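The values are calculated or read from the model by the stated rules, or taken from the named source; none is laboratory data. Everything numeric here is computed off the predicted structure, so don't read it as measured data. A quick note on method: Cβ atoms are made from the backbone with ideal geometry, for glycine too, and the neighbour counts reach across all protein chains shown.
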């Protein structure tokens with residue numbers, strides 16, 4: 001299997017081949033530095049998903065869903081408790097209607113992830129990162145077919161054990177489901193450790209400030 005640095009080097013060639021206008025967008029700041037960092041985080045997360053063993057992928061996928069589910073349970077519980085206390089809302093100058101809207105948002109996401117958690121079909125860890133990848137690419141109107149070709153190239157470069165089950169048609173079918181059903185908010189970047197980057201030697205180093213990445217995600221997800 002190729003090393004991570006070699007994978008990224010080869011993937012950059014594919015990016016230039018499939019999306020020649022991307023460099024123009026970077027040069028004229030259509031794609032900002034922070035947004036390019038966010039895209040890099042997505043690619044690194046996908047790469048980590050695709051180079052892992054089947055056993056580790058299953059364990060990590062289950063752990064990820066549990067982490068997300070616990071996050072949304074906490075967010076819903078906190079808001080429900082706050083809404084029960086008029087005194088708390090007044091003392092902290094909190095708009096009750098706005099808080100109710102937030103509760104509806106988090107409850108909607110909790111319901112989705114509870115369903116995924118209860119399903120017999122495992123929610124693989126790559127799915128969230130692939131969803132973010134598609135949202136990012138679509139917002140810049142990059143060619144849909146070549147988006148999927150890039151994903152297939154990344155799978156191949158990573159020697160992904162499941163790559164033989166994927167082609168552009170299956171990726172399109174998955175993308176359609178992701179775009180219509182998946183519930184992912186920018187707040188999940190905190191849960192998924194997007195502020196930490198992993199380089200080729202597997203040492204974790206501080207990445208960009210998480211709030212900056214959350215802002216970039218907001219622009220693509222809202």
Inside segment 152-169, the number of residues satisfying the requirement of being farther than 21 Å from residue 36 by Cβ and assigned to a helix (DSSP H, G or I) is 8
Yes/no for residue 105 being outside any helix (DSSP H, G or I), farther than 29 Å from residue 54 by Cβ and in contact (Cβ under 8 Å) with a residue 60 or more places away in the chain:
no
Scanning segment 1-56 for residues that are touching a residue at least 12 places away in the same chain (Cβ under 8 Å), surrounded by fewer than 12 Cβ atoms within 10 Å (Cβ to Cβ) and assigned to a loop (DSSP other than H, G, I, E, B) gives 1, 3, 53
By residue number, the members of segment 110-123 that are within 17 Å of residue 59 (Cα to Cα) and surrounded by fewer than 17 Cβ atoms within 10 Å (Cβ to Cβ) are 117, 118, 119, 120, 121, 122
Item to complete: Answer yes or no as to whether residue 149 is under 19 Å from the mean Cα position of the chain (by Cα), in a helix (DSSP H, G or I), closer than 30 Å to residue 13 by Cβ and in the same structural domain as residue 37 (by TED's automatic domain parsing).
Response: yes
If you go through 134, 146, 161, the only one that is closer than 26 Å to residue 3 by Cα, surrounded by 19 or more Cβ atoms within 10 Å (Cβ to Cβ) and in contact with a helix residue (DSSP H, G or I) (Cβ under 9 Å, 6 or more places away or on another chain) is 134
Of the residues in segment 188-207, those that are assigned to a loop (DSSP other than H, G, I, E, B), at pLDDT 55 or above and buried (at least 17 other Cβ atoms within 10 Å of the Cβ) come to 192, 194, 195
Of the candidates 89, 81, the one satisfying the condition of being outside the structural domain of residue 165 (by TED's automatic domain parsing) and within 30 Å of residue 119 (Cα to Cα) is 81
Scanning segment 26-51 residue by residue, the ones that are farther than 17 Å from residue 131 by Cβ and out of contact with any helix residue (DSSP H, G or I) (no Cβ under 7 Å at 6 or more places or on another chain) total 8
TODO: Answer yes or no: is there a residue in segment 127-139 that is closer than 23 Å to residue 38 by Cβ, assigned by TED's automatic domain parsing to the domain that holds residue 173 and assigned to a loop (DSSP other than H, G, I, E, B).
DONE: no
Open item on the list: Kindly evaluate residue 63 against the criterion of being surrounded by fewer than 18 Cβ atoms within 10 Å (Cβ to Cβ), free of Cβ contacts under 8 Å to residues at least 40 places away in the same chain and over 21 Å from residue 131 (Cα atoms).
Closed with: no
- Inspect all residues belonging to segment 93-102 and state whether any of them is over 24 Å from residue 189 (Cα atoms), outside the structural domain of residue 136 (by TED's automatic domain parsing), in a helix (DSSP H, G or I) and in contact with a helix residue (DSSP H, G or I) (Cβ under 9 Å, 6 or more places away or on another chain). yes
